[in-house]
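The values are calculated or read from the model by the stated rules, or taken from the named source; none is laboratory data. Just so it is clear, the model here is predicted, and its values are computed rather than measured. Counting neighbours? That spans all protein chains shown, and the Cβs are built from the backbone with ideal geometry, glycine included.
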Amino acid sequence: MHKSPFFRSKLASLRRGERWWPAEIALRALGLALLAGCWRLAITAQRMVTQPAPHPAGPADLAVCAGVVVLLCAGLMLGLEGPGLLRDVPLTDWFTHTRGSRS
């Protein structure tokens, strides 16, 4: 990522939860593209399932199905939340203490 002050300030504003429309458009468009890729890969997986296989499922078949799951999760995450994924989330003190200082 660029080290310019403009991008640093935009990233800081996204972390504060402020909206920036180019980030909204880009990240949600990426989410839609991932969902389209998931759809195409799911069609491939469905064709693999409906055709009789000459062999049991192998690593390539499992990789296709894992790809469907990963693309679906990433596409939904970016499509629904967009740049809100970069937002800082306040944590309670229980999560911020180091392990040795808790009693």
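Can you report the number of residues in the range 47-59 which are surrounded by fewer than 10 Cβ atoms within 10 Å (Cβ to Cβ) and either among the acidic types (Asp, Glu) or in contact (Cβ under 8 Å) with a residue 12 or more places away in the chain (or both)?
Going through the range 47-59 one residue at a time, the tally reaches 0.
Would you please name the residue that is nearest to Asp61 (Cα to Cα), looking only at residues in the range 4-46 that are part of a helix (DSSP H, G or I) and in contact (Cβ under 8 Å) with a residue 60 or more places away in the chain?
This residue is Ala23.
So Leu62 clears everything in (1) in contact with a Phe, Trp or Tyr (Cβ under 9 Å, 6 or more places away or on another chain); (2) exposed (fewer than 15 other Cβ atoms within 10 Å of the Cβ); (3) aliphatic (A, V, I, L, M) except one condition, right? Which one?
(1)
Checking Leu32 against (1) at pLDDT 95 or above; (2) surrounded by 14 or more Cβ atoms within 10 Å (Cβ to Cβ), only one condition comes out false. Which one?
All conditions pass for Leu32, except number (2).
Report the residue count in the range 45-103 for those that are of a type in the set (Gly, Ala, Ser) and either at pLDDT 90 or above or within 29 Å of Arg15 (Cα to Cα) (or both).
Step one: filter the range 45-103 for residues of a type in the set (Gly, Ala, Ser), giving 45, 53, 57-58, 60, 63, 66-67, 74-75, 79, 82, 84, 100-101, 103.
Those left that are additionally either at pLDDT 90 or above or within 29 Å of Arg15 (Cα to Cα) (or both): 45, 63, 66-67, 74-75, 79, 82, 84, 101.
So the answer is 10.
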